Structures are given as structure tokens and as C-alpha cells.
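Trainee: There's a structure below that I have some questions on.
The values are calculated or read from the model by the stated rules, or taken from the named source; none is laboratory data. These numbers were taken from a predicted model, which means no experiment stands behind them. FYI the Cβ positions are ideal-geometry reconstructions off the backbone, even for glycines, and counts take in every protein chain you see. Ligands, DNA and RNA are excluded from the accessible area calculation, which covers all protein heavy atoms including side chains. Shrake-Rupley method; radii C 1.70, N 1.55, O 1.52, S 1.80 Å.
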Amino acid sequence: MSDTAQPLTLVVLISGRGSNLKAILDAIKDGELPVVISAVISNRADATGLDYARQENIDTLALDADDYPDKESYDRALQGLIDCFEPGLVVLAGFMRILTPALVQHYHHKMINIHPSLLPEFRGLHTHQRALEAGVREHGASVHFVSEELDSGPAILRVRVPVLPADTAEQLAARVLQQEHRLYIQAIRWLAEGRIRWQNEQLLFDGQPLKNPIDINAEN
Ligand code: GRF
């Protein structure tokens, strides 16, 4: 993805809190992530995460679904907005909308998402509560390319987080979120460095086919 000397350009899409966005911004500031964020776009003007981008003088835009008659026209407008910034990678960081197939296809191999579960387990919402109810001993988060089916595109990287006997969904969510930040930065770094890349329809890691996601363990 970054065969040239130019840093990878990101457009980040958020809907709310923006803690993953903040982690990415902090990593860029610390010189740990060779990317440039050219815009942060939200479907909610009141998304608190937009403030993190404003503090860094990054363009922020809000696109309200109420201003569009249907999902298709909303996604066409969103695509037009994203494309103005010519990103090499579109990063979904808590963007709480299901995308239309046309939008997903437009960013084929160029859009990633972070999901709070060890995919393919627990796609969709309320992953932490569902993990507790299922009695799993390990939970976590995954970074994956976006495909038309929700939370189902090829996973790149996962972090495993032990479930503790007394965990509530909130406690588990907080521990997973802490690891998400590391995970997303690692995945974006590998993409920016070209260590993870697509060759035709084959996902490669360091030049070798990546058939299964790379798993890392939680760190304190
Ligand atoms: C994260 O848990 C992420 O995995 C999910 O949405 C949440 C976003 O959190 N897709 P934040 O807005 O980055 O704090």
C-alpha cells in the first residue's frame, strides 16, 4: 500500500467516543505511526471524538443521515466526501452504520474496521455481554478488512484477552478497549509499512499468504 516514499493517508470514520482515533493520533504524534490523517468524518455532529481531531487541526466533517432519503444516497455522499481526501486507507473506528455494498466495493482492500471480539466469534453488537453469556475463557478484538457482510471480511490481527471469573460486561469491555488501541496501531503500521498488503486477491504478510489472522496476547 505504501510503495512510494509518501506516508499512507488515512480518512477515519467515527460515530462517538473516538478512543481508537485518539490512540492513533497519539501514536502519530509520538512518531510511532508513519501515516497522515487527512480527515475525520462522523455521522454525528456531536461525536466527542471529533474534538481529538480538531485539537490536531485535522479536517472534521459530519454527515447526518437525516439529511438523506435512504442509505444509498447517504453512502454516495459519504463516498464523495471521503474521496475528496484521496485516502490510501479508510479506517472505521467505531463507525456505527452498516455500509451499502456499493460503498464497500468502492474501497475494496482499502477499508479496515476494528471489532470487539475474536472474529469470527460474536459478530454484531453487545459482544462482551454475549461472550460472558457463552462462558468463553478468552475474548478480544480483531482488525479486519471490510466486506459486504457485517464483521466478516478477512481478519488481519487479533488480540486475546482473558475473561476473569468475576467480569461484568463493562469490566471486560474496558480491558478489551485498552488492547484495541494497541491492536489498531499495530495493524495500521503494518499496512503503512507494506508488511500487510494485497496482491490481486491474496492477502500477504511479509510476502507470504496470510491465511489466518495474526494473534497477539494482551499486554498491561
Ligand atoms: C470499539 O469497541 C470498536 O471495537 C467498535 O466500536 C468501539 C469504538 O470505540 N467498533 P471508540 O469510539 O474508538 O472509543
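Trainee: Taking one equal scatterer on every alpha-carbon of the stretch 142-220, how large is log10 of I(q)/I(0) by Debye at q = 0.11, 0.14 1/Å?
Mentor: Computed log10 I(q)/I(0) values: -0.34, -0.52.
Trainee: Based on alpha-carbon atoms only, what is the radius of gyration of the stretch 113-175 relative to the globular estimate 2.2 N^0.38 Å? Before the final figure, lay out the partial values.
Mentor: Working: Rg = 11.3 Å, N = 63, 2.2 N^0.38 = 10.6 Å.
Relative to the 2.2 N^0.38 Å estimate, the stretch 113-175 comes out at 1.07.
Trainee: Gain in length, Leu81 to Glu170, computed as 0.36 nm per residue apart minus the alpha-carbon separation, to one decimal in nm?
Mentor: On the way: separation 89, 0.36 × 89 = 32.04 nm, distance 3.48 nm.
My answer for the length gained is 28.6 nm.
Trainee: Let me ask another. In whole percent, how big is the carbon plus sulfur part of the accessible area of the stretch 98-220, probe 1.4 Å, protein atoms only?
Mentor: 50 percent
Trainee: Can you order the peptides 91-99, 124-132 by their average number of other Cβ atoms within 10 Å per residue, highest first?
Mentor: On the way: 91-99: 19.8, 124-132: 17.2.
The most tightly packed comes first, giving 91-99, 124-132.
Trainee: Return the distance in nm (one decimal) between the two label points of a simple spin-label model at Gln6 and Trp198, each offset 7 Å from Cα along Cα→Cβ.
Mentor: That separation, rounded to one decimal, is 1.8 nm.
Trainee: Among Thr60, Val136, Ile114, whose Cα lies farthest out toward the positive end of the dipole of the stretch 1-140, if unit charges sit on the beta carbon of Lys, Arg (+1) and Asp, Glu (-1)?
Mentor: Val136
Trainee: When only C-alpha pairs under 8 Å and at least 6 residues apart count, what is the relative contact order of the chain, in percent? Display every interim value, and only then the final one.
Mentor: Numbers: 417 pairs, mean separation 43.2, N = 220.
Dividing the mean separation by the residue count of the chain yields 20 percent.
Trainee: Now, a different point. Length gain on complete extension for the stretch Arg137 to Thr48, per 0.36 nm per residue less the alpha carbon to alpha carbon distance?
Mentor: 28.8 nm is the gain from fully extending Arg137 to Thr48.
Trainee: Evaluate E = 1/(1 + (r/R0)^6) for Asp66 and Gln105, where r is the Cβ-Cβ distance and R0 equals 41 Å; express this FRET efficiency to the nearest 0.05. Don't skip to the end; give the middle numbers.
Mentor: Numbers: r = 25 Å, r/R0 = 0.62.
Computed FRET efficiency for Asp66 and Gln105: 0.95.
Trainee: Quick one: pull the percentage of alpha-carbon pairs in the stretch 1-160 with a separation above 23 Å.
Mentor: Working: 4996 of 12720 pairs.
Counting every Cα pair in the stretch 1-160, those more than 23 Å apart make up 39 percent.
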